[in-house]
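The values are calculated or read from the model by the stated rules, or taken from the named source; none is laboratory data. Only a predicted model underlies this, so the values are computations on that prediction, with no experimental measurement involved. Positions of Cβ are generated from backbone atoms using ideal geometry, with glycine treated the same way; all protein chains shown enter the neighbour counts. Surface areas here come from the heavy atoms of the whole protein model, side chains and all, with no ligands, DNA or RNA. Shrake-Rupley method; radii C 1.70, N 1.55, O 1.52, S 1.80 Å.
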Amino acid sequence: MRTIGIDEINDIALGASLLGAGGGGDPYIGRLLAIQAVKECGPVTLIEPEEIPDDAFVAPCAMVGAPTVMTEKGGGKDDFNRLFDRMERETGKKIYATMPIEAGGVNSMLPIVAGARRGLPVVDADGMGRAFPELQMVTFTIGGVSSSPLAYSDEKGNVGVMHNISNKWTEDIVRSITNTVGGQVMTCQYTMSAKKCRDWCVPNIVTMSQELGRSIRSIKEGEDSKGIEQRFLDLTHGVRLFSGKVTDVLRETRGAFNYGKVVLAGIGSDKGHEASVTYQNENLKCEVDGDIVATAPDLICLVDHDTYTPVPNEAVKYGKRVLVAGLPCAPQWRTEEGLKLVGPRYFGLDTDYIPVEERSQRKGK
């Protein structure tokens, strides 16, 4: 158990934006919301899954919709009071703690906002170990945890609750509602017991985000023989995929998702080569000279070539120089059940899943 204040928020937002794999929202917006909540209501207590009392009721929260819309609309002070009040009336249970559903610049911050404003602890865990575009893509689905009841709220004051027959149906219905209300809603979903949380969460995600953020912020401090790029890859357990300058960006908002493709011309040792990264909110595939070098569920992350600051997809611009790195996903996603939910074929990619480190070794032979 420890406390999250403003200093911790800055590092968590930075590290979580790397784990967002291009999605999960703009860390600037999420950080501002969390800092405002902590300034007004005080620091938030972070607890380990093992510290949740056995009879406690856990209620994760998240924004659903297109991250670019969140950049324009932001969030309201009363969003989580409306959501959590509605959920407690629906279930007849008092919410003990909240937690993130996914990492990412916004969705890592919203539980801190909710925790501060409701006086609730935040569990150091999530349901992805990264960010994914669809609501059913959580390890809790593998464990049989239902997304229902799901409570939603928008900035206009619309509030509702739904019960659905599967987590995929919840995704389809809440996405339709999201489209109707303007591309973004706040949600409380996957409410569960302490045991379900402990059994099926991806633990340590807040602490991991904070450590990544602190390391990225200080990555240029000190010298060693490895060089800064290798130091970044070592601290993230990542694989170097490509270094390049952005030559084209295609993006559209469709069905409350951001779709797009980033095209890169190689620089440095990659000069003369071309790469592309395609995404649906989060990056799904990276190709170099037409060959696939990484796919979901592994993380495909763009970072600034000079500062190693993560670059979310809404911030990618023509001429920006980036390093593309591949990070191994949480082990739950490499199982048969995990790949059915988030493997490359689910996203329409014509390839089987091969771990990013294995693809890298094949390329190096």
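Taking strands (runs of 3 or more DSSP E) as the structural unit, those lying wholly within the stretch 238-324 and holding at least 3 residues that are more than 20 Å from the chain's Cα centre (by Cα) and charged (D, E, K, R) correspond to 239-254.
Does S108 count as open to solvent by 20 Å² or more (accessible area, probe 1.4 Å) and hydroxyl-bearing (S, T, Y)? Criteria not met by S108. Tally up the residues in the stretch 236-248 that are closer than 15 Å to G15 by Cβ and open to solvent by less than 50 Å² (accessible area, probe 1.4 Å), please. Selection size over the stretch 236-248: 2. A residue that is in contact with a Lys or Arg (Cβ under 8 Å, 6 or more places away or on another chain) and hydroxyl-bearing (S, T, Y) can be found somewhere in the stretch 329-351. Restricting attention to the stretch 123-139, the residues that are surrounded by fewer than 24 Cβ atoms within 10 Å (Cβ to Cβ) and touching a Ser or Thr at 6+ places or on another chain (Cβ under 8 Å) add up to 1.
For every residue, the table says whether it meets (1) over 22 Å from S243 (Cβ atoms); (2) open to solvent by 50 Å² or more (accessible area, probe 1.4 Å); (3) among the small types (G, A, S).
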{"site": "T309", "(1), (2), (3)": "no, yes, no"}
{"site": "E314", "(1), (2), (3)": "no, no, no"}
{"site": "R321", "(1), (2), (3)": "no, yes, no"}
{"site": "V324", "(1), (2), (3)": "no, no, no"}
{"site": "C329", "(1), (2), (3)": "yes, no, no"}
{"site": "W333", "(1), (2), (3)": "yes, no, no"}
{"site": "F347", "(1), (2), (3)": "yes, no, no"}
{"site": "D350", "(1), (2), (3)": "yes, yes, no"}
{"site": "V356", "(1), (2), (3)": "no, no, no"}
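Which of the residues belonging to the stretch 330-350 are in contact with a helix residue (DSSP H, G or I) (Cβ under 8 Å, 6 or more places away or on another chain) and either farther than 21 Å from N281 by Cα or touching a residue at least 60 places away in the same chain (Cβ under 8 Å) (or both)? Correct list: A330, Q332, W333, T335, E337, G338, L341, V342. Determine, yes or no, whether N167 is out of contact with any Lys or Arg (no Cβ under 8 Å at 6 or more places or on another chain), on the phi > 0 side of the Ramachandran plot and modelled with pLDDT of 90 or more. Taking the combined requirement at face value, the residue does not satisfy it.
For the stretch 254-289, a residue qualifies if it is charged (D, E, K, R), under 20 Å from P312 (Cβ atoms) and buried (at least 19 other Cβ atoms within 10 Å of the Cβ), and the qualifying residues are E282, K285.
Taken over the stretch 16-34, the residue count meeting the criterion of being touching a helix residue (DSSP H, G or I) at 6+ places or on another chain (Cβ under 7 Å) and part of a helix (DSSP H, G or I) is 10. Applying a threshold of 6 Å to beta carbon distances and a minimum spacing of six or more residues, or different chains, the list of pairs starting in the stretch 43-67 at a residue that is under 21 Å from M87 (Cα atoms) and ending at one that is open to solvent by less than 10 Å² (accessible area, probe 1.4 Å) and aromatic (F, W, Y) reads P60/Y190.
Could you check how many residues of the stretch 94-140 are among the acidic types (D, E) and not in a loop (DSSP other than H, G, I, E, B)? Before you say what the answer is, go through the steps one by one.
So in the stretch 94-140, the residues among the acidic types (D, E) come out as 102, 124, 126, 134.
Adding the requirement that they be not in a loop (DSSP other than H, G, I, E, B) leaves 126.
Result for the stretch 94-140: 1.
Considered as a group, the residues in the stretch 20-60 that are touching a Cys at 6+ places or on another chain (Cβ under 8 Å) and modelled with pLDDT under 95 include one that is surrounded by the fewest Cβ atoms within 10 Å (Cβ to Cβ), and that residue is G22.
Going by what's in this entry, would Y308 be described as of a type in the set (F, W, Y) and farther than 21 Å from A103 by Cα? When the stated conditions are applied, Y308 does not pass them.
Considering I52, I35, the condition of being under 21 Å from the mean Cα position of the chain (by Cα) and β-branched (V, I, T) is satisfied by I35 alone.
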